[in-house]
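Here is the structure we will look at.
The values are calculated or read from the model by the stated rules, or taken from the named source; none is laboratory data. Bear in mind the structure is a predicted one, so any value in this text is a computation, not a measurement. For neighbour counting, all protein chains shown are included, and Cβ atoms are generated from backbone atoms with ideal geometry for every residue, glycine included.
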Amino acid sequence: MSDFLANNAGLFFALLGAAFATFLAGIGSAIGVGKAGVAAAGVLSEDPSKFGKVLIFQLLPATQGIYGLLVAFLILSNTGLIGQVKEVSTLTGLLYFAAALPIAFSGLFSAIHQGNCAVAAIGTVNKKPDQMGKALILPAMVETYAILALLISILAIFGINAM
Amino acid sequence: MRQTDFTYAVARVRYKETKLLTDNDLDTMLRCHDADAVLRFLKDRGWGDSSEDETVDELLDKELERTWEFAFESVDDHEALNFLLIPNDFHNAKVAVKCITRDIEPEGIMLRQAVFAPDTLYESVRLHDYDRLPDYLRGCVREALHTLLQTSDGQLCDVIIDRACLMTVYQLGRESGVDIIERYCELYVASSDIKIAVRSAKTGKSADFLRRALAPCDTLNIDKLITAATAGVDEVIDYLRETVYRTATDALSVSLSAFEKWCDDTITDALRPQKWEPFSIGPIVAYILARENELKAARMILLSKLNALDDDIIKERLRSMYV
């Protein structure tokens, strides 16, 4: 067992990075979408005609989970865990693991806070439906930090490939 | 475990807030020629049921019932709203004690919106089965009934139950850990103490009576208030100038109803920031109090139209609206 781990430590760390990117960003999105969904359900119980509007707000925190999935897919693809398995050194595996961390943690926290912001924005649209555009910008601002993290994770993965 | 996330309820409240009466709506109601026109205006806003022959009391009772139905439907932790309903339990306790000693049926006098079922309360008092009563009622109901039977002093009976009510509300405020509930409960107790002190000063009550009637709170020194109340109304006002209620003294100099308006307006002002709070119980509390406030305003306007009172008299008494 210890020999197997020693020989495949690189792959193990790469896979751990992919797992972190997927489940941490996914947890964040699940919490964010869940919170916004609860608020959206509250709105719909009073005014079902607002379904289209509140659905957009509910979906905003879902993107972090997708970003995590994208990073995980790139890692799996570059290490050959999808398709032909490649030789991955321990150092390369650790580098992939590190590359996954920005989107993993930024995805987790930004999705939770985007969910909170979306709940407040749903309240705004509920009272003033004509302010939909402005209300949408506020939670969308939180997305910036998830995108920055995604960018760094992707650049890091491509950088590791070029080494 | 106490409910801490009220996202669903707050989302519903945000919609309901758009249906609350505004100051402009109150002006429109005041401009109506008669009570029927005011009723039509309220019915157009969705108040009451569809029946044409609904009376003022039926309409307002229906709306109060709807407000509480909505609150209980939206909030899982009903106990979180006890501080608003518990005064009704104490009102029902007074009714039960007095009806039983005078051998009257409490038909239509007990309030349905209460924490403890009014029928069970009445039966428990009638059978002297105090163990069925909740802790907050048990002691004061037993003492009030005993006092009423021995002395026939209805006012003393009220004082015992009212003080227990104030102490319970104060305690619930402290235990809530929610700033807006603490502030509401504190103002509820303090304003009641001030009203008791002023009335007592006017009627020349003794310090002993005041000690039995006043409930302790954080913003008033009860000993100083008792000393002031035994000296006179002006002394009470002078004492209040030293407290956080100095802005209430002008209203108090006018009348107790002006002071009550000051209390309601102060609470409404304190509640306004809840319009931007998305997660806590604050907006639900604010909505319930805002609804009670508008029902009070609607009742005032309707009764003024029914009794052909001057609009200016009513305008002075109308509270500022939450929205």
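Worth a mention:
- The single residue among A:136, A:108 that is surrounded by 17 or more Cβ atoms within 10 Å (Cβ to Cβ), within 21 Å of residue A:150 (Cα to Cα) and more than 14 Å from chain B (Cβ to nearest Cβ) turns out to be A:108.
- Candidate set: segment A:88-132, residues that are touching a residue at least 12 places away in the same chain (Cβ under 8 Å) and not in a helix (DSSP H, G or I); chosen: the one nearest to the chain's Cα centre (by Cα): A:88
- If you check B:45, B:66 for being touching a helix residue (DSSP H, G or I) at 6+ places or on another chain (Cβ under 9 Å), under 25 Å from residue B:298 (Cα atoms), free of Cβ contacts under 8 Å to residues at least 60 places away in the same chain and within 14 Å of chain A (Cβ to nearest Cβ), only one passes: B:66.
- When we screen B:253, B:257, B:191 for residues that are over 21 Å from the mean Cα position of the chain (by Cα), among the hydroxyl-bearing types (Ser, Thr, Tyr) and either part of a loop (DSSP other than H, G, I, E, B) or modelled with pLDDT under 95 (or both), the only hit is B:253.
- Residue B:83 touching a His at 6+ places or on another chain (Cβ under 7 Å) and either part of a helix (DSSP H, G or I) or surrounded by 13 or more Cβ atoms within 10 Å (Cβ to Cβ) (or both): no
- For residue A:146, the stated conditions hold: it is away from every other protein chain (no Cβ under 14 Å), within 28 Å of residue B:276 (Cα to Cα) and part of a helix (DSSP H, G or I).
- Considering residues of segment A:25-62 that are in contact with a Leu (Cβ under 9 Å, 6 or more places away or on another chain) and of a type in the set (Val, Ile, Thr) only, the residue farthest from the other protein chains (Cβ to nearest Cβ): A:27
- When segment B:150-188 is limited to residues that are part of a helix (DSSP H, G or I) and among the small types (Gly, Ala, Ser), the one that is surrounded by the most Cβ atoms within 10 Å (Cβ to Cβ) turns out to be B:173.
- Total residues in segment B:1-41 satisfying the condition of being within 14 Å of another protein chain (Cβ to nearest Cβ), in contact with a helix residue (DSSP H, G or I) (Cβ under 9 Å, 6 or more places away or on another chain) and not charged (D, E, K, R): the figure is 11.
- Residue within segment B:194-203 that is assigned to a helix (DSSP H, G or I), more than 16 Å from residue B:259 (Cα to Cα) and touching a helix residue (DSSP H, G or I) at 6+ places or on another chain (Cβ under 6 Å) present: no
- Test: residue in segment B:37-55 that is under 30 Å from residue A:33 (Cα atoms) and modelled with pLDDT of 90 or more: no
- Candidate set: segment A:101-136, residues that are in contact with a Ser or Thr (Cβ under 6 Å, 6 or more places away or on another chain) and of a type in the set (Gly, Ala, Ser); chosen: the one farthest from residue A:23 (Cα to Cα): A:135
- Residues of segment A:63-78 that turn out to be touching a Gly at 6+ places or on another chain (Cβ under 8 Å) and of a type in the set (Ser, Thr, Tyr), as a count: 2
- Residue check, residue B:275 assigned to a helix (DSSP H, G or I), farther than 30 Å from residue B:11 by Cβ and charged (D, E, K, R): no
- Any chance residue A:2 is away from chain B (no Cβ under 14 Å) and either in contact (Cβ under 8 Å) with a residue 12 or more places away in the chain or buried (at least 20 other Cβ atoms within 10 Å of the Cβ) (or both): no
- Residue, surrounded by the most Cβ atoms within 10 Å (Cβ to Cβ), within segment B:189-240, restricted to residues that are touching a residue at least 24 places away in the same chain (Cβ under 8 Å) and basic (Lys, Arg): B:205
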